[in-house]
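Here's the structure we're looking at; comments come further down.
The values are calculated or read from the model by the stated rules, or taken from the named source; none is laboratory data. Worth saying up front: this structure is predicted, and the values here are computed from it rather than measured. Ideal geometry is used to build each Cβ from the backbone, glycine not excepted, and the neighbour counts take in all protein chains shown.
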Amino acid sequence: MDIRPAMRSDFPMLANLITELGYPSLVEDIAMRMEVIAGRDDYAAFVSVEQTVVAGMIGVSVSPSFYRSGLGGAIIALVVSPDFRGQGIAVSLVAHAEQWLRERGADRVTINPSNHRLPAHRLYHRLGYENTGIRFTKAL
């Protein structure tokens, strides 16, 4: 397994993975989103590649906070293809993201998984994450 920054050639598989996560996305959607993120130092997307197949992806960001000193990180998206689940890919992607965040000065990372993603919740607990709140969203 190799973890590297996402590239344009990954966009078709990223569209499939993001759709698998529950957010229907076309390749064009991914290209547009990645173009916005591409020039920023505070966002990154990484993929896990098994041979030539993108098996999983993680998206991260780092930013200052209004309510505490220092920088905080966020895992914005984490998904592994059903064909590759149970092989430690998510664990490796999270470790890679945490290292990227540390290198940028983040001293904390948050993840806001959907309520129905119970296997993901168990993974985060195993990795040392604590359930510290509830997420509310509203379309604008």
**Report entry** Residues of the stretch 51-100 that turn out to be without any contact (Cβ under 8 Å) to a residue 12 or more places away in the chain, assigned to a loop (DSSP other than H, G, I, E, B) and either in contact with a strand residue (DSSP E or B) (Cβ under 7 Å, 6 or more places away or on another chain) or under 14 Å from residue 124 (Cβ atoms) (or both), as a count
**Finding:** 1
Query raised in the report: Can you find a residue in the stretch 1-24 that is under 25 Å from residue 116 (Cα atoms), crowded, with 19+ Cβ neighbours inside 10 Å and hydroxyl-bearing (Ser, Thr, Tyr)?
Result: no
Query raised in the report: Out of 26, 14, which single residue is of a type outside the set (Lys, Arg) and touching a residue at least 12 places away in the same chain (Cβ under 8 Å)?
Result: 14
Report task. Scan the stretch 68-91 for residues that are crowded, with 19+ Cβ neighbours inside 10 Å and either under 19 Å from residue 52 (Cα atoms) or of a type in the set (Lys, Arg) (or both) and jot them down. Result -> 79, 80, 89, 90
Requested in this report: Return yes when residue 65 is more than 16 Å from the chain's Cα centre (by Cα) and of a type in the set (Ser, Thr, Tyr) and no when it is not.
Outcome: yes
Query raised in the report: Filter the stretch 3-56 for residues that are aromatic (Phe, Trp, Tyr) and under 19 Å from residue 74 (Cβ atoms); which is farthest from the chain's Cα centre (by Cα)?
Result: 23
Query raised in the report: If residue 25 passes every condition in (1) in contact with a strand residue (DSSP E or B) (Cβ under 7 Å, 6 or more places away or on another chain); (2) in a loop (DSSP other than H, G, I, E, B); (3) polar (S, T, N, Q) but one, which one does it miss?
Result: (1)
Query raised in the report: Do we have any residue at all in the stretch 110-121 that's surrounded by fewer than 16 Cβ atoms within 10 Å (Cβ to Cβ), at pLDDT 95 or above and not in a loop (DSSP other than H, G, I, E, B)?
Result: no
